[in-house]
Amino acid sequence: MRTISFLLSGLLGLNTALAAPPIDKSKIDAALGGIIHSNALVGVSALVYQDGHEAYYGAFGKADREAGKPMARDTLVQIFSMTKPITGVALMSLYEQGKFDLDDPLSKYAPEFANMRVYAGIDPHGEMIYEPLHRLITVRDVTRHTAGFYYGNDHSPVAEIYRAGDPTNKRNTLTEEAAKLGSLPLLFQPGTRWLYGPSVDVQALLVERLSGMPFDKYLQKAIFEPLGMKSTRYVLQPKDKARLAALYDWHPDGSLTRQPDEKAFEFNTQDWPLKPGSYGLVSTLDDYMRFARMLQNGGELDGRRILKQETVKLMSTDQLPREVVDKGFLPTKGQVGFGIDFAVRVHPPANAQEAAGAVGEFFWDGAQDTLFWVDPQNKITAVLFTQYSPFGKVPLHKAFRDAVYSGIPEALAH
């Protein structure tokens, strides 16, 4: 019926977009509440906007089980990799100012990366083989994880070199991290693979170099202050601790144990030299929703423009070359490509095991199972918070997505 209506509206020359059915709040309550009632998670909260208006808010369980503190709208959580899209927006605000082009060599702005080499295997004597770059790393490569950097978190021989170099140590500044990364071999030739790594820290370095400001100060000036994101930051203030959610470790028997506070909150309770672009921010549902709504609105919210509409479109368009077939874990996110710091859905869900989602949506998530997405087609923006690891052990994202899209057949597997 929606398809017929859409065709008719086109024949009649109407410009009005067909509205998606209203969000079914009861289904989201059932999905999230059911997970908490089954003791699969300690706490969860979610906020959904539809067509510019709040369509759903819900909070279930505890932000801190041991203290009996309920999950609430103003609960602060560590968003981990949901920091990355914020970094991308900061960098692209400088792109709009003409500070760089995406296909510029990275070394034009960061000479630390001028003489890179690529790991090419082990020779018969057990020595590492390196080869020169086939082409230079570009800024575009560091926005889409095709530069060749990686975290050294596997068992390959080059991983030992990365671990010894320890470039992402929180005692390093972004400049020191870049110097160490630049001295290490790339894992693959730029533009040939998609592999999650510290590229977004390099984006943060570019923000510093191109703006002339410390990265965290630029975020505050260019994004947080104009959007009214008053609770989003790297370093917690004393007043924040009462609102901060505890972190929990999931175990194969389904139990959840609390991480010791000194481990869980170590990064955010001290002012470390490193302000990484790839992780580290704390935020609230409403703060992050303001960021997401800005993207939904084409770069503007409440009269404050952060990006141009065409820049948001560029960021939310698949940037991966056709020849990139090795995409790491990205296919586990669905039928997606990758834009500038977002996964981008390019096909509807392929089967019932895949979470619901709409073609054209862009999204990312965080290590403690947080999630957000922007769906321009259905004008839906969603933020989901919880705090546990390892990622994805509870089918929370699928349950939430399926509930949000329960009335939109096009977003469900057929």
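Some points to look at:
- Residues T269 and V359, FRET efficiency given R0 of 45 Å [Cβ-Cβ distance, rounded to 0.05]: 0.60
- Remark: the Cα gyration tensor places the stretch 11-157 in the oblate category, a/c being 1.5 or greater and a/b not exceeding b/c.
- Acute angle (nearest 10 degrees) that the helix 285-296 long axis makes with the longest principal axis of the chain, alpha-carbon atoms: 80 degrees
- For peptides 82-94, 253-265, 359-371, sequence by mean Cβ density within 10 Å, most packed first: 82-94, 359-371, 253-265
- Angle in degrees between helix 2-11 and the longest Cα principal axis of the chain, rounded to the nearest 10: 80 degrees
- Length gained when the stretch R305-E225 is fully extended (0.36 nm per residue, less Cα-Cα span): 27.6 nm
- Angle of helix 25-37 to the longest C-alpha principal axis of the chain, folded into 0 to 90 degrees and rounded to 10: 60°.
- Inter-probe distance in nm under a simple model that places probes 7 Å from Cα toward Cβ, at L256 and A67: 1.6 nm
- Scattering curve values for the chain, log₁₀ I(q)/I(0), Debye with Cα scatterers, q = 0.09, 0.12, 0.13 Å⁻¹: -0.56, -1.00, -1.17
- Within the shell of other residues whose beta carbon sits under 9 angstrom from the beta carbon of Q296, the net charge comes to +1, with Lys and Arg scored +1 and Asp and Glu -1.
- Look at where the Cα atoms of the stretch 157-221 and of the stretch 35-61 average out, and the two centres are 34 Å apart.
- For a modelled paramagnetic label at K170, 7 Å from Cα along Cα-to-Cβ, the residues of the stretch 241-269 in reach, with backbone nitrogen under 12 Å, are 261-269.
- Once C-alpha pairs closer than 8 Å and six or more residues apart are averaged by separation and normalised to the residue number of the stretch 20-137, the relative contact order reads 13 percent.
- Shown is the FRET efficiency for H347 and D51, computed with R0 = 30 Å from the Cβ-Cβ distance and rounded to the nearest 0.05: 0.75.
- Counted over the stretch 260-396 with a bin width of 5 Å, the fraction of Cα pairs per bin, in whole percents, is 2, 9, 16, 20, 20, 16, 10, 6, 2, 0.
- A Förster radius of 25 Å combined with the Cβ-Cβ distance from S156 to S107 puts the calculated FRET efficiency at roughly 0.50.
- Volume per residue for the stretch 92-211 equals 97 cubic angstrom (convex hull of Cα atoms).
No lab work stands behind these numbers, since they all come straight from the coordinates. Just so you know, these numbers come straight off a predicted model, no measurement behind them. Cβ coordinates were reconstructed from backbone atoms using ideal geometry, including for glycine residues, and neighbour counts include every protein chain displayed.
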